[in-house]
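Data block below; observations after.
Any read-out appearing in this document is the output of simple, stated calculations on the displayed coordinates, not a laboratory observation. What you see is a predicted model; the values in this text were computed from it and never measured. Ideal geometry is used to build each Cβ from the backbone, glycine not excepted, and the neighbour counts take in all protein chains shown.
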Amino acid sequence: MSSAVSEILIVGAGYAGSVVARELADAGKRVRVIDKRPHIAGNAFDELDAHGVLVHRYGPHIFHTNAERIWEWLSRFTQWREYEHRVRGVVDGREYPFPINRDTLNALYGLDLDEAGAAAFFERVREPREPVRTSEDVVLNSVGRDLYEKFFLHYTRKQWGLDPSELKAGVAARIPVRTNTDDRYFTDTFQAMPKLGYTKMFEAILDHPNIRVELDVDFEDVRRRGTFAHTVYTGPIDAYFHHCHGRLPYRSLRFAHEHLPDVAEYQSVGTVNYPNDHAYTRITEFKHLTGQQHAGTSIVREYPQAEGDPYYPIPRTENELLFKRYEAMSADERDVTFVGRLAQYRYYNMDQVVGAALAAVRRLLD
C-alpha cells in the first residue's frame, strides 16, 4: 500500500485546513496539507513589507470571539497582544464613530443626548419594517432613512455591487447600533492580535511531525494522481464539482498597499470607512493593529470587485439555493469533508471557521 493511501489530504492551509490538520495530527493521523498559494495562513497571511512594516496582505484581520474554547485552542500557538478595533466613518468630510453610537448622533446632528435620549431618537426616526427580510429592512427598521443613506447605502453598494434591498438581512444585522458611547467595533469577550502575527501562529499550528505542507500545489493535479484515506476540502465547493450547476457568486477585493515614509500615524484609528467617497471602501493602517514601532507607516485601500479570488459568499436567496444543490452532491462524497467559508458558502468570522473545523474533526474521528 502506498503511503498516500494512509494519508489524509487537506486542501487549503487557511484556518479551516490548518485547524483540522493539527487536530488530526495530534490524534495520530498522517496529514498532507496543500495550498495553491505560495504561503500558509490563507487570507490571514501577514508579512513584513519591503519597508519592514508588518502588513496583512489580504486586508485587516481582527481576532475576536466569545467562545472561550476557541480562544484557548488558538492560545496554544500564539501569545496575544491586547487590541480593541475602532472604526470611523467619513460623512461630508468628517469622521464619526462607527458602528453608530450616541457620540455619532451628537456630533452628526449637534445634539446632547444621553442614553435614554439616544434610544428615543432611534425610535423616532426608525422606519418600522415587518417582516424584516433584507439588509435595507434591518437598517431602516433600526436607524431610519438619513443614517441609512449616510453610513450604509453607498458603502453596501460598493462592497457588494448590490443595493441593500437585494441582500439578505444577515449582512446588516452583523453591525450593531448603540445608545451608549462604546466605540469599539466588536464587543466580544476575547479581542486580541497574535503577538508575532498570524503567519507565525499558523506556522506553530502546522509544526507537527505528522503534518507535511506543500505550497504552490493545485488540487486538481493532486486529485488526478493521488489516492488518500480521506480528503478535507476547504476551497470553493462549486470548483470541487467543476461548476457543474454554474458558478456560485463571490465578491472579491483588490488591495492597494502603500508605504508612507516619515509618517508616524496616518489616521486616528485602525480602519476608516469611506461610505460615500472614492471607489475604495476603507483604509486600514496596520501599526494600530500590531502595535509596531516604525518611523513610517503602511496602509491598504480596499477596492471591491466582481472578479478575482473569492472572498465573500454573496448572501442572496438564489445563491443559497444554488449552494444547496452542491451541498446535496457533497453528501454523496463519502470520503470528503467540506469545511470553511468557501466550502460551506458561509460568511464566517475567523473564530467561526475554527469552530466549524473543530466540529468537522470530531465528526471525522468519530
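Given just the C-alpha atoms of the chain, how large is their convex hull per residue in cubic angstrom?
Measuring per residue, one finds 150 Å³ for the Cα hull of the chain.
With everything on Cα atoms, drop me the angle between helix 115-125 and the longest principal axis of the chain, reported from 0 to 90° to the nearest 10.
90 degrees
Arrange the following residues from fewest to most other Cβ atoms within 10 Å of their Cβ: Thr317, Thr78.
Thr317, Thr78
Can you list the residues, at least 5 places off or on another chain, whose amide H is less than 5 Å from the amide H of Arg282, using H built in the peptide plane?
Those qualifying (amide H under 5 Å, at least 5 residues apart or on another chain) are Tyr274, Glu302.
Want the number for Ala264 to Asp114: 0.36 nm per residue separation, take away the alpha-carbon distance, what's left?
Taking 0.36 nm per residue and subtracting the Cα distance, the gain is 50.4 nm.
For helix 135-147, what angle does its Cα long axis make with the longest principal axis of the chain, in degrees from 0 to 90 and rounded to 10?
30 degrees
Output the antiparallel fraction of DSSP beta bridges having both residues in the chain, as a percent to the nearest 5.
65 percent
Say each of Asn180 and Val336 gets a label point 7 Å from the Cα, pointing the same way as Cα to Cβ; how far apart are those two points in nm?
4.7 nm
Find how many whole Å separate the alpha carbon centroid of the stretch 126-199 from the alpha carbon centroid of the stretch 26-46.
Answer, in whole Å: 32.
Any chance you could run the full-extension gain for His230 through Ala173? It's 0.36 nm times the residue separation minus the Cα-Cα distance, nm to one decimal.
The His230-Ala173 span can extend by a further 16.8 nm.
Work out the charge dipole of the stretch 87-173 with +1 on the Cβ of Lys and Arg and -1 on the Cβ of Asp and Glu about the Cα centre, then indicate which of Ala120, Gly110, Gly89 is farthest towards its positive end.
Gly89
So what J values fall out for the stretch 226-243 if you push phi through Karplus, 6.51 cos²θ - 1.76 cosθ + 1.60 with θ = phi - 60°, rounded to Hz, Gly and Pro as x?
With coefficients 6.51, -1.76 and 1.60, one gets x, 10, 10, 4, 6, 10, 10, 10, 10, x, x, 5, 5, 5, 4, 9, 6, 6 Hz.
Can you tell me which of Val31, Val263, Val339 moves the most in a GNM of the chain? Springs connect C-alpha atoms under 10 Å apart.
Result for the chain, Cα springs under 10 Å: Val263 fluctuates most.
³J(HN,Hα) across the stretch 87-102 via Karplus (A = 6.51, B = -1.76, C = 1.60, θ = phi - 60°), whole Hz, x for Gly/Pro?
10, 10, x, 8, 10, 6, x, 10, 8, 10, x, 9, x, 4, 9, 5
Taking DSSP loops as anything outside H, G, I, E and B, show the longest stretch in the chain free of GluC sites (Glu not before Pro) there with at most 11 other beta carbons within 10 Å.
So the longest stretch without any such site is 1-264.
Between Met193, Met201, Met329, which gets the highest mean-square fluctuation from a Gaussian network model of the chain, Cα cutoff 10 Å?
Looking only at Met193, Met201, Met329, the biggest GNM fluctuation is shown by Met329.
Given the options Ala173, Leu140, Phe152, identify the residue whose Cα lies farthest towards the positive end of the charge dipole of the chain (+1 on Cβ of Lys, Arg; -1 on Cβ of Asp, Glu).
Toward the positive end, the furthest listed residue is Ala173.
Relative to the longest principal axis of the C-alpha atoms of the chain, give the angle of the C-alpha long axis of helix 317-330, reported between 0 and 90° and rounded to the nearest 10°.
For 317-330 against the chain, the angle is about 20 degrees.
From the backbone phi of the stretch 209-225, what are the Karplus-calculated ³J(HN,Hα) couplings (6.51 cos²θ - 1.76 cosθ + 1.60, θ = phi - 60°) in whole Hz, Gly and Pro given as x?
With coefficients 6.51, -1.76 and 1.60, one gets x, 8, 10, 10, 10, 10, 9, 6, 10, 8, 4, 4, 5, 5, 4, 6, 8 Hz.
Net charge near Val143: determine it from the other residues with C-beta under 14 Å of the C-beta of Val143, scoring Lys and Arg +1 and Asp and Glu -1.
+1
Distance from the Cα centre of the stretch 324-344 to that of the stretch 207-286, in angstrom?
The two parts, judged by their Cα centres, are 20 Å apart.
How much length, in nm to one decimal, is gained on full extension between His51 and Arg247, taken as 0.36 nm per residue of separation minus their Cα-Cα distance?
Stretched fully, the His51-Arg247 segment lengthens by 66.6 nm.
What is the sum of charges, Lys and Arg at +1 and Asp and Glu at -1, for the other residues whose Cβ falls under 14 Å from the Cβ of Thr337?
Combined, the nearby Lys, Arg, Asp and Glu give -2.
List the residues whose amide H sits under 5 Å from the amide H of Gly89, counting only those 5 or more places along or on another chain, with H placed 1.01 Å from N in the peptide plane.
Close amide H contacts, sequence-distant or interchain: Tyr96, Phe98, Asn273.
Please identify the trypsin sites (Lys or Arg not before Pro) of the stretch 183-256 that satisfy two criteria: DSSP loop assignment and at most 13 other Cβ atoms within 10 Å. Which are they?
Answer in residue order: Arg247.
Pick from Ala21, Ala120, Ala41 the residue whose mean-square fluctuation is largest in a GNM of the chain, springs joining Cα atoms under 10 Å.
Evaluated over the chain, the most mobile residue of the options is Ala120.
What trypsin sites (Lys or Arg not before Pro) does the stretch 1-84 have in DSSP loop regions with at most 11 other beta carbons within 10 Å?
Those that pass, being in a loop and sparsely packed, are Arg76.
Consider just the alpha-carbon atoms of the stretch 87-173 and return their Rg together with their Dmax, both in angstrom.
Rg then Dmax for the stretch 87-173, in Å: 13.0, 37.
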